[in-house]
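Let me begin by presenting the structure, written as structure tokens, before commenting on it.
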Amino acid sequence: MTTPTIGVLALQGDVREHLVALAAADALARPVRRPEELDDLDGLVIPGGESTTMSKLAVVFGMLEPLRDFVRSGRPVYGTCAGMIMVADKLLDARADQETLGGVDMIVRRNAFGRQNESFEAAVDMTGIPGGPVHGIFIRAPWVESTGAAAEVLARYDGHTVAVRQGNVLATSFHPELTGDHRVHAFFVDMVRTAA
Amino acid sequence: MSSTPTTPQHPETGTARVKRGMAEQLKGGVIMDVVTPEEAKIAEDAGAVAVMALERVPADIRKDGGVARMSDPDMIDGIIDAVSIPVMAKSRIGHFVEAQVLQALGVDYIDESEVLTPADEVNHSDKWAFTTPFVCGATNLGEALRRIAEGAAMIRSKGEAGTGNVVEAVRHLRQIKGEIAKLRGCDNNELYAAAKELRAPFELVKEVAELGKLPVVLFSAGGVATPADAALMRQLGAEGVFVGSGIFKSGDPAKRAAAIVKATTFYDDPKVVADVSRNLGEAMVGINCDTLPEAERYANRGW
């Protein structure tokens, strides 16, 4: 497969930036909002946004189970920030009714790095990404409190886990889609090519 | 981690990228005006991406008259504690001390808003001086770019807040989009003249001409009262929607709030908009903007 088709969940969030980054990493990218739009995808990105809202909209529009099925199908999924929260098996500091898709055996703490005043950018070394540190943009960002045996930690910042991979699911606390540096997206597109 | 170089420990807060990036996360969402923690919870339950904490909604500010100011810090704290979504709050135009207070309270975004009574008739606040990002209203492209030059990280239309009438928001959004489209066709020679005409910095004008959009997120605000209003603003190019009086001045706020959220997500699917528009109870009554006296037009505040 030369050009994989990768969807970006477009219920809410920075969808456009992911579409641009995926296209730059040689994928065919398109927004998805309906269950049937998941069918012919090779991979899926869950963007940054407000995880409470995204989770609610997924329930209301009947996307929650189809998205869970998508993760279970083994097709690659990449979540940034709110997307990381969505692929976590367990959450801290979230509303009791907040649903996730799961996929990574980890506990994620919402807004762990603080409110907007504490949002920051910093260089982050990430395993598997060649060419030096990536530029991490952390916006009301979550961190990974703990991981199970199957989850591989790919990056830490200030002692906290901020990037993980378990099988075909990738998650980062930060937003590579906001930087113009598409190496993390290229890494994910490679995961999709390998899986297909 | 001995095989990989150590991660630099110099985080930078309050950068343009972090401020503008925050607004990018709100795209496709609805930001709702709330005046109590209870309303904030209703908004969060309905799927709002953020709430705007204020003392009175614009419809009541119009009714009550007098000077409208920043909200009581206790009220803002109460709302911050009540919800897990971002909380915004309004400062008066040019009242940089109100903005300093809001930053100290830890709000996630400051709206330097024409809905409150302006504190300075000449100057807006220097928004670069803050770590907390700002959203500002604009009626046209020049005004939007002047606010961005002052450090605004997000722009919204002004609309005519508190009227329940979307006509002014439509005018502002069409104006901004139309002026951007016109810049697209300009060469460098023409862009200098355009910058002069727009009374905006050349560099920003050039950036807009190249991007075909503002360098920050553009939302609609002012007068949205129905799901169809919200979908209209999205189809006209707004990346998300502020709803003020339209929700909590209506018959069934929880239901209307959820309906507006859904219509904002599926703005281009009339079947969804039709579906969520059923049986919402009474919309806010509304005011005809052309019968508003000049002095009561909030959109004229700011420049």
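General observations
- Test: residue in region B:249-256 that is among the aliphatic types (A, V, I, L, M), modelled with pLDDT of 90 or more and in a helix (DSSP H, G or I): yes
- Residue selected from region B:55-77 under the condition hydrophobic (A, V, I, L, M, F, W, C) and modelled with pLDDT under 90, by the criterion farthest from residue B:162 (Cα to Cα): B:67
- Any hit, region B:262-272, residues being within 16 Å of the chain's Cα centre (by Cα), in a helix (DSSP H, G or I) and touching a residue at least 40 places away in the same chain (Cβ under 8 Å): yes
- Residues of region A:159-194 classified as at pLDDT below 95 and either under 11 Å from the mean Cα position of the chain (by Cα) or over 17 Å from residue A:25 (Cβ atoms) (or both), total: 0
- If only residues of region A:118-137 that are part of a loop (DSSP other than H, G, I, E, B) and closer than 24 Å to residue B:24 by Cβ are counted, the one that is nearest to the other protein chains (Cβ to nearest Cβ) is A:119.
- Hits in region B:154-170 (condition: buried (at least 24 other Cβ atoms within 10 Å of the Cβ), among the hydrophobic types (A, V, I, L, M, F, W, C) and in contact with a Cys (Cβ under 9 Å, 6 or more places away or on another chain)): B:154, B:155
- Of the criteria (1) in contact (Cβ under 8 Å) with a residue 12 or more places away in the chain; (2) polar (S, T, N, Q); (3) within 14 Å of chain A (Cβ to nearest Cβ), which one residue B:91 fails: (3)
- In region A:49-57, the count of residues that are farther than 30 Å from residue B:129 by Cβ and away from chain B (no Cβ under 14 Å) is zero.
- Residue list for region B:112-150, filter: touching a Pro at 6+ places or on another chain (Cβ under 9 Å), charged (D, E, K, R) and more than 23 Å from residue B:87 (Cβ to Cβ): B:146
- Test: residue in region A:26-36 that is among the basic types (Lys, Arg), over 17 Å from the mean Cα position of the chain (by Cα) and not in a strand (DSSP E or B): yes
- Qualifying position, being on the phi > 0 side of the Ramachandran plot and within 14 Å of chain B (Cβ to nearest Cβ), among A:115, A:95, A:109, A:140: A:140
- Scanning region A:163-196 for residues that are more than 14 Å from every other protein chain (Cβ to nearest Cβ) and small (Gly, Ala, Ser) yields A:167, A:171, A:186, A:195, A:196.
- Hey, residue A:94 at pLDDT below 95 and surrounded by 18 or more Cβ atoms within 10 Å (Cβ to Cβ) or not: yes
- Of all residues in region B:57-84, those being part of a loop (DSSP other than H, G, I, E, B), farther than 19 Å from residue B:99 by Cβ and of a type outside the set (Gly, Ala, Ser) number 2.
The values are calculated or read from the model by the stated rules, or taken from the named source; none is laboratory data. The shown structure was predicted, so the numbers you read here are calculated from the model rather than taken from an experiment. Every residue, glycine as well, gets a Cβ built from its backbone with ideal geometry; the counts of neighbours run over all protein chains shown.
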